[in-house]
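The values are calculated or read from the model by the stated rules, or taken from the named source; none is laboratory data. This structure is a prediction, so every number in the text was calculated from the model and none was measured. Heads up, the Cβs are rebuilt from the backbone with ideal geometry, glycines too, and the neighbour counts pull from every protein chain shown.
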Amino acid sequence: MTLTLELEKQKERTPVVAQTIFLGIGLALLLLAPLFFYPVFLMKILCFALFACAFNLLLGYTGLLSFGHAAFFGGAAYFTAHAVKEWGVPPELGILVGVVGAALLGAVIGFFAIRRQGIYFAMITLALAQMFYFFCLQAEFTHGEDGIQSVPRGHLFGFIDLSQSTSMYYFVLAVFVIGIGIIWRIINSPFGMILKSIRENETRAISLGYSVRNYKLAAFVMSAALTGLAGGVKALVFQFATLTDVGWQMSGEVILMTLLGGIGTLIGPLFGAGLVVTLQNYLATSEFPVTIITGLVFMACVLLFRRGIVGEFYNSRLGRRLGFEHRHKH
Amino acid sequence: MTTIFGIPLQAFLGQLLIGLINGSFYALLSLGLAIIFGLLRVINFAHGAQYMLGAFVAWLLLSHFGIGYWPTLILAPLLVGFLGAVIERTMLRRLYSLDPLYGLLFTFGLALTVEGTFRYLYGSSGQPYATPALLAGGTNLGFMFLPIYRGWVIAFSLAVCLGTWLVIEKTKLGSYLRAATENPVLVQSFGINVPFLLTLTYGLGAALAALAGVLAAPIYQVSPLMGSNIIIIVFAVVVVGGMGSIMGAIITGYMLGVAEGLTKVFYPEASNIVIFVIMAFVLLIRPAGLFGRDA
């Protein structure tokens, strides 16, 4: 008995070591990245990666496809930009305003959306987010088509000057790592297990006595808040907040990043975001519209590799040997 | 001057007319969505793109080949319907066994591609499409001035909606479709070619969207963005109506169009969100939708 247990442990050790090595290499690369790449480009990737990871908490781990996450991303960008520029609050507090605002918005939209399931859920979130878009178009504080311009980055905790792009980068990286840590903690908690059970079989979760609605709403609000974290930071990175971030195209973009990277994998969306942002930067100078490529990649992903890049890796022989598992059903 | 609730009658009826016209498009589009969803369990995000394609085909036929409005009214839906059938046959078909969300995502990608291509080729600004000579001008109804083309759009789309409803409820083909919606395996075992029915249905839905596009061409400008502007509203209409009933989709489309028009009279600021607000209310009171059967 003890022997088999001991053997089991041995078998488990290799994957844990391998995964820790992967994690270490990844972190080291992120720490050294500004030496090789333009910091604003990297920060953009990190913001969108956090956005996509937060979105994935809902799609990949709870099985809810929101087509309105731009409302939380762009909304938080507006809230943070307004707080920092008009109220003069320090950046950390400005981001908090964005997070809380996005969470409240998430509570309202989620309250309506969880009344239906599946594709109806997707359509409702899309419609309500569009409603928020029209609100932003007409509201006073968003400055309509102009957006909120020249938002100061300020001093973090009063002494770290964020106008330096290097210090800004490490701040964004820290936020990203903390955000991913929170998501990791959520999905590996008993609460996260219940979310996964809802994803796998909602009826069974109900019959086991879980109030599925409350769990869904909680997941929705958490996802919205983390999305708000990404949106708030993005407003500081680019020093503006505009209508682009609340439009439905943005909601589509984050779905693509998640799908491309791997639905239901913790770090898949990071790769998805990296690819999409790189593609956008590459095409930004040409006349060719990004949406054609985006659309084609979307279709190809859905038809040919629904597991996404990271999901396919996890499912490959090497991935399995290294002990990764990918349980999301397709 | 005659007034109604303190609003001049002219303005009131004018907005009512605009509401009915928008409602015609909502009804035609949500009807197509409901038919496709009923059989394929796919929410066709490309419906807006197919509507835009219909309008563009009309514009291209006129400007490049000199083919006028009347032949186009048949040609454009045939062409777009055929395109839809090809896409169903080659790609969409592979997704039926999967979660319905993949169908939504695939058609979303399709919509982005089509819209992006037309923006690349023709720019974002709209192209004007002349009203056909037969329907130009207007008529004075005594209490208001009615442009004939707008009256035609309302009458014709109503006829198309009712015709589609009749085909589905009263003909043999319709009974196959309804039976395949309920139980495709059983219907197939009776020797009916269900895969072909699915292709036909998607083609029909796309053709309806294109027909709406041709109707819209003389009223709105023909622009690549016209589809994505309307599709989100139509989704809200579909949520309000519930997709269980064809008639429900039609009635809800007209109702919400009129509601939107009337909001423009009484509280213009809210006119572009009123349908979403109604949707939220319906979700509170009757989550399955006004005509919906499923929870």
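For the reader, a short list of remarks on this structure follows.
- Any hit, the stretch A:90-98, residues being more than 9 Å from chain B (Cβ to nearest Cβ), out of contact with any Ser or Thr (no Cβ under 9 Å at 6 or more places or on another chain), in a helix (DSSP H, G or I) and among the hydrophobic types (A, V, I, L, M, F, W, C): yes
- Flag if A:THR20 is out of contact with any helix residue (DSSP H, G or I) (no Cβ under 8 Å at 6 or more places or on another chain) and in a helix (DSSP H, G or I): yes
- Residue among B:TYR51, B:TYR102 that alone is within 14 Å of chain A (Cβ to nearest Cβ) and either in contact with a Lys or Arg (Cβ under 8 Å, 6 or more places away or on another chain) or within 29 Å of A:PHE67 (Cβ to Cβ) (or both): B:TYR102
- Filtered residue count, the stretch B:84-103, keeping only those that are free of Cβ contacts under 8 Å to residues at least 12 places away in the same chain and under 23 Å from B:LEU211 (Cβ atoms): 1
- Qualifying residue in the stretch B:234-246 (condition: farther than 28 Å from A:PHE132 by Cβ, within 14 Å of chain A (Cβ to nearest Cβ) and in contact (Cβ under 8 Å) with a residue 12 or more places away in the chain): yes
- Among the residues of the stretch B:247-267, those identified as of a type in the set (A, V, I, L, M) and more than 13 Å from every other protein chain (Cβ to nearest Cβ) are B:MET247, B:ALA249, B:ILE250, B:ILE251, B:MET255, B:VAL258, B:ALA259, B:LEU262, B:VAL265.
- A Cβ distance below 9 Å, combined with a sequence gap of six or more or placement on separate chains, defines the contacts here; from the stretch B:44-64, residues that are farther than 19 Å from B:LEU92 by Cβ reach no residue that is among the charged types (D, E, K, R) and surrounded by fewer than 24 Cβ atoms within 10 Å (Cβ to Cβ).
- When the helices (runs of 4 or more DSSP H) confined to the stretch A:213-307 are screened for residues that are at the interface with chain B (Cβ under 10 Å from one of its Cβ atoms) and among the β-branched types (Val, Ile, Thr), those reaching at least 2 such residues are found at A:290-304.
- Counting the residues of the stretch A:224-250 that are hydroxyl-bearing (Ser, Thr, Tyr) and within 10 Å of A:ALA52 (Cα to Cα) gives 1.
- The listed residue being touching a residue at least 60 places away in the same chain (Cβ under 8 Å), touching a Pro at 6+ places or on another chain (Cβ under 6 Å) and either on the phi < 0 side of the Ramachandran plot or of a type outside the set (A, V, I, L, M) (or both), out of A:CYS47, A:CYS53: A:CYS53
- Members of the stretch A:226-251 found to be under 14 Å from the mean Cα position of the chain (by Cα) and either buried (at least 24 other Cβ atoms within 10 Å of the Cβ) or among the charged types (D, E, K, R) (or both), listed by number: A:LEU226, A:THR227, A:GLY228, A:LEU229, A:ALA230, A:GLY231, A:GLY232, A:VAL233, A:LYS234, A:ASP245, A:SER251
- Residue match in the stretch B:202-223 (condition: within 14 Å of chain A (Cβ to nearest Cβ), surrounded by 24 or more Cβ atoms within 10 Å (Cβ to Cβ) and more than 14 Å from the chain's Cα centre (by Cα)): no
- Here B:GLU169 fulfils each of the conditions (1) over 20 Å from the mean Cα position of the chain (by Cα); (2) of a type in the set (Asp, Glu); (3) surrounded by 11 or more Cβ atoms within 10 Å (Cβ to Cβ) apart from (1).
- All positions within the stretch B:138-155 that are part of a helix (DSSP H, G or I) and crowded, with 16+ Cβ neighbours inside 10 Å: B:TYR149, B:ARG150, B:GLY151, B:TRP152, B:VAL153, B:ILE154
- Selected residue (only one of B:ALA270, B:ALA280 is within 10 Å of chain A (Cβ to nearest Cβ), touching a helix residue (DSSP H, G or I) at 6+ places or on another chain (Cβ under 8 Å) and within 30 Å of B:GLU182 (Cα to Cα)): B:ALA280
- Of the residues making up the stretch A:133-143, none is part of a helix (DSSP H, G or I), more than 14 Å from chain B (Cβ to nearest Cβ) and more than 21 Å from B:PHE45 (Cα to Cα).
- Which numbered condition A:GLN130 fails, given (1) polar (S, T, N, Q); (2) within 14 Å of chain B (Cβ to nearest Cβ); (3) without any contact (Cβ under 8 Å) to a residue 12 or more places away in the chain: (3)
- Options B:LEU73, B:LEU83, B:LEU78, B:LEU61; residue that is under 22 Å from A:PHE298 (Cβ atoms), away from every other protein chain (no Cβ under 14 Å) and surrounded by fewer than 23 Cβ atoms within 10 Å (Cβ to Cβ): B:LEU83
- On the stretch given as the stretch A:159-188, residues that are under 19 Å from the mean Cα position of the chain (by Cα) and either of a type in the set (Ser, Thr, Tyr) or within 22 Å of A:PHE121 (Cα to Cα) (or both) total 3.
- So A:ALA122, is it within 14 Å of another protein chain (Cβ to nearest Cβ), free of Cβ contacts under 8 Å to residues at least 60 places away in the same chain, assigned to a helix (DSSP H, G or I) and hydrophobic (A, V, I, L, M, F, W, C): yes
- Answer residue from the stretch B:19-43, given it is within 11 Å of the chain's Cα centre (by Cα) and not aliphatic (A, V, I, L, M) and is nearest to B:ARG93 (Cα to Cα) among those: B:GLY32
- Only listed residue being more than 14 Å from chain A (Cβ to nearest Cβ) and among the charged types (D, E, K, R), chosen from B:ARG150, B:ARG119: B:ARG150
- Residue match in the stretch B:122-137 (condition: within 14 Å of chain A (Cβ to nearest Cβ) and not in a loop (DSSP other than H, G, I, E, B)): yes
- Checked against the criterion of being farther than 30 Å from B:THR113 by Cβ, touching a residue at least 24 places away in the same chain (Cβ under 8 Å) and of a type in the set (Val, Ile, Thr), the candidates B:ILE219, B:ILE251 yield just one match: B:ILE251.
- Qualifying position, being in contact with a Pro (Cβ under 8 Å, 6 or more places away or on another chain), surrounded by fewer than 23 Cβ atoms within 10 Å (Cβ to Cβ) and not hydrophobic (A, V, I, L, M, F, W, C), among B:TYR96, B:TYR120: B:TYR120
- In the stretch A:151-206, the residues that are part of a helix (DSSP H, G or I), of a type in the set (A, V, I, L, M, F, W, C) and farther than 28 Å from A:LEU29 by Cβ: A:PHE191, A:MET193, A:ILE194, A:LEU195, A:ILE198, A:ALA205, A:ILE206
- In the stretch B:169-205, the residues that are touching a Gly at 6+ places or on another chain (Cβ under 7 Å) and either modelled with pLDDT of 90 or more or outside any helix (DSSP H, G or I) (or both): B:TYR202, B:GLY203, B:LEU204, B:GLY205
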